[in-house]
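The values are calculated or read from the model by the stated rules, or taken from the named source; none is laboratory data. A quick note: this is a predicted structure, and the numbers were derived from the prediction, not measured. With ideal geometry, Cβ positions are generated from the backbone for all residues, glycine too; neighbour counts draw on all protein chains shown. All accessible areas refer to the heavy atoms of the entire protein, side chains included, with ligands and DNA or RNA removed. Shrake-Rupley method; radii C 1.70, N 1.55, O 1.52, S 1.80 Å.
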Amino acid sequence: MDRQKAAGYDFFKIYDHLSLDAFDAIAQHSRETGFSFAGHVPQAVPIEHAMRAGMLTIEHLTGWFAATTVPGSPLAKAIEPSDQVGRLIPVAEQLERGQIGWGDVIDPSRRRAIAALAAETGVWNVPTLVVLERLSTSRRQAQSHLSEPLMSYVSPKLRSEWDPAKDSSLKDFTDDQLEADHKLFEERLAEVKALHDVGARLLAGSDTPNPWVVPGFSLHEELTWLIKAGLTPYEALVTATRAPAEFLRDESFGTIVVGKRAELVLLDANPLEDINATRSIVGVVTQARWLRRAELDAMLESVAESNRL
């Protein structure tokens, strides 16, 4: 952590497999040095503990299922072998078929309590709904994605890596099973709504280049998902503009104010009426340059052309 701080990094990122002792040591050192830590809530760490320990951000809603699952429920049992690929698919299938209900596996009061604690502790939450929604992509859905025009902006190597047909860990599951797994995404939307309802801090993020999450385009998708989770268009836009500036403690950007950096897009429609207007870009101001739509299109075509070579 000291080396990373000395190198000039803003914070230290942690991942899933830390022990509780390692996590606590990182949290203690963070408090002593003022060097923040962020990332995934480790599987060995209760989310309440992580929030109270001072995590700067929680990515991908990690830790939520473990915290909100009804003890002894099918979901609780599926979460226990945490490294088992596809462990949640049978639960999703039962939910999809109506064999069990959400009340059998999720405790809404726990969801509200975790959201309230997030607001209380001030932790930033980066749901990355766009990647969570794509985690259950089946082989046939992958073929459909490959025909989408925006795939021309993704390298052939990356497109190949995204193909679930090449993921040996999924070979024992049918397309129907993989698509049923999407049912669990409903709870992810409910978690974001719970955070929003209590005024917890939210940031837009896409976690590209995870499968079928295309750089740039995926941020627009994330804003759409945030609205489906309960945010207004204005609130969704804040998660990608003003809030990141606040998170980074950088007052030079984030809002359109005299004296701040001119980093903005000009649209030909109102995103406060329809968030999809963020895709209707007439031009971009960045690094003191004005880029017209024609120039932006030329850049995109250059990327597509390089991927055709």
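Does a label point 7 Å from the Cα of Glu246, set along Cα-to-beta-carbon, have any residues of segment 117-131 with amide nitrogen under 18 Å, and which are they?
Taking a point 7 Å out along Cα→Cβ of Glu246, the residues of segment 117-131 whose backbone N falls under 18 Å are 117-128.
Taking a quarter of the surface of the convex hull around the Cα atoms of segment 23-181, what do you get in nm²? Kindly include the intermediate steps, with their values, before the conclusion.
Numbers: hull surface 46.3 nm².
Answer in nm², one decimal: 11.6.
Could you work out the relative contact order of segment 160-309? I mean the mean sequence separation of Cα pairs under 8 Å and 6+ apart, divided by the number of residues, in percent. Don't skip to the end; give the middle numbers.
Details: 135 pairs, mean separation 20.9, N = 150.
Reported as a whole number, the value is 14 percent.
Taking the mean number of other Cβ atoms within 10 Å as a proxy for protection, how do you rank 255-262, 98-105 from highest to lowest?
98-105, 255-262
Dipole magnitude of segment 224-269 about its Cα centre, charges +1 at Lys/Arg Cβ and -1 at Asp/Glu Cβ only, in debye to the nearest 20?
Values: 5 positive and 6 negative charges, 11 e Å.
Roughly 60 debye, rounded to the nearest 20.
Of all accessible surface on the chain at a 1.4 Å probe, what whole percent is carbon and sulfur?
Numbers: 8620 of 16140 Å².
Roughly 53 percent of what the probe reaches on the chain is carbon or sulfur.
Given C-alpha coordinates of segment 92-219, what is the ratio Rg to Rh with the Kirkwood estimate of Rh?
1.03
Over segment 243-309, what is the mean sequence separation of C-alpha contacts under 8 Å (at least six apart), divided by residue count, expressed as relative contact order in percent? Intermediate results must be reported in sequence, preceding the final value.
Values: 65 pairs, mean separation 12.8, N = 67.
Averaging sequence separation for qualifying contacts and normalising by length gives 19 percent for segment 243-309.
Please give me the summed charge of the neighbours of Val70: other residues whose Cβ is under 9 Å from its Cβ, Lys and Arg +1, Asp and Glu -1. Show your work: numbers first, answer last.
Working: positive: Arg110; negative: Asp104, Asp107.
Net charge in that neighbourhood comes out at -1.
Charges only on Cβ, +1 for Lys and Arg, -1 for Asp and Glu: so what's the dipole of the chain about the Cα centre, in debye to the nearest 20?
Numbers: 32 positive and 44 negative charges, 94 e Å.
Rounded to the nearest 20 debye, it is 460 debye.
On average, how much accessible surface per residue is there in the chain, in Å², for a 1.4 Å probe, leaving out ligands, DNA and RNA? Each step should come with its number before you reach the end.
Working: 16140 Å² over 309 residues.
Ligands and nucleic acids excluded, the figure is 52 Å² per residue.
So how do 198-208, 270-280 stack up, highest first, on mean other-Cβ count within 10 Å? Don't jump to the answer; show the numbers that get you there.
Details: 198-208: 19.5, 270-280: 15.1.
Highest to lowest by the protection proxy: 198-208, 270-280.
Which whole-percent values make up P(r) of the chain when all C-alpha to C-alpha distances are grouped in 20 Å steps starting at zero?
P(r) over the chain, rounded to whole percents: 28, 59, 13.
Can you pull the semi-axes for segment 173-288, root of five times each eigenvalue of the Cα gyration tensor, sorted largest first, whole Å?
Working: eigenvalues 164, 60, 38 Å².
Semi-axes, largest first: 29, 17, 14 Å.
State to the nearest 20 debye the size of the charge dipole of segment 23-178 about its Cα centre, where the only charges are +1 on K and R beta carbons and -1 on D and E beta carbons.
Working: 15 positive and 19 negative charges, 27 e Å.
With only Lys, Arg, Asp and Glu charged at Cβ, the dipole is about 140 debye.
Mind checking which of Leu203, Ala190, Phe173 is farthest towards the positive end of segment 147-203's charge dipole, using Cβ charges of +1 (Lys, Arg) and -1 (Asp, Glu) about the Cα centre?
Leu203
Just Trp64, Trp290, Trp212 to compare: in a GNM of the chain, with alpha carbon springs under 10 Å, which one fluctuates most?
Maximum fluctuation in the GNM of the chain, among the listed residues, is at Trp290.
Tell me the mean residue ellipticity at 222 nm calculated for the chain from its helices only (DSSP H runs of n ≥ 4, each -39500 (n - 2.57), averaged over every residue, nearest 500).
On the way: 17 runs with 144 residues, N = 309.
The helix contribution divided over the chain gives -13000 deg cm²/dmol.
Which net charge results for the neighbourhood of Ala118, defined as the other residues with beta-carbon distances under 14 angstrom from its beta-carbon, given Lys and Arg at +1 and Asp and Glu at -1?
Details: positive: Arg52, Arg110, Arg111, Arg112, Lys193, Arg201; negative: Glu48, Glu59, Glu120, Glu191, Asp197.
Its environment carries a net charge of +1.
Across all directions of projection, what mean area in square nanometres is found for the Cα convex hull of segment 222-309? Spell out each step's value before the answer.
Numbers: hull surface 29.3 nm².
Quarter of the Cα hull surface area: 7.3 nm².
Of Leu264, Val126, Gly72, which is farthest along the charge dipole of the chain in the positive direction, counting Lys and Arg as +1 and Asp and Glu as -1 at C-beta?
So the residue furthest toward the plus end is Leu264.
Go ahead and set up a Gaussian network model of the chain, Cα springs under 10 Å, then flag whichever of Pro74, Pro108, Pro149 fluctuates most.
Top of the fluctuation ranking is Pro149.
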